[in-house]
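Take a look at the structure below.
No lab work stands behind these numbers, since they all come straight from the coordinates. A quick note: this is a predicted structure, and the numbers were derived from the prediction, not measured. With ideal geometry, Cβ positions are generated from the backbone for all residues, glycine too; neighbour counts draw on all protein chains shown.
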């Protein structure tokens, strides 16, 4: 909480912390491990009590989009270990981290602020525009209105809210999204 409060005092409304820094403060012996051991420790520690996997239909939709040569990116509130978790989960479904264009990935731990901060979406917008891709030609998919959908819309992105039974326009789970995309792509 101290790190968040300090960052907020410096004008960062949605600060991100680095989990290894917290572990280093709490476990002095952690700093004595080499970087690979630190990474492995963090990864195993974070796995305690949780299971990560793609939502039903997500991997199928991502494979289909990759097969259509669609450029894929990610905007995620993430830590470094999240990349390994994501890759491991996607590989079980015949996908992987490499299907995403690194230039079009916003990972909060790399920037010090998290979604819904508009700067992350602005960064993605500028990276797209440098490739002559308009944000209004891009679909941002997210499971939260406050963190994903609304801030993306404010930057001019098309959006899809991953939510069952939503009265809102472009929304539904991955199967409904794929049906929508089949008509659009």
- line: For segment 7-40, the count of residues that are part of a helix (DSSP H, G or I) and under 21 Å from residue 107 (Cα atoms) equals 12
query: Of these, 162, 154, 124, which one is more than 18 Å from residue 78 (Cβ to Cβ) and touching a residue at least 24 places away in the same chain (Cβ under 8 Å)?
result: 154
query: So which residues in segment 103-118 are closer than 22 Å to residue 161 by Cβ and not in a strand (DSSP E or B), if there are any at all?
result: 104, 108, 114, 115, 116, 117, 118
field: Residue count for segment 65-81, restricted to those that are surrounded by 19 or more Cβ atoms within 10 Å (Cβ to Cβ), in contact with a strand residue (DSSP E or B) (Cβ under 7 Å, 6 or more places away or on another chain) and not in a strand (DSSP E or B)
entry: 1
- prompt: residue 35 is checked against (1) surrounded by 15 or more Cβ atoms within 10 Å (Cβ to Cβ); (2) more than 25 Å from residue 127 (Cβ to Cβ) and fails just one. What number does that condition carry?
  reply: (1)
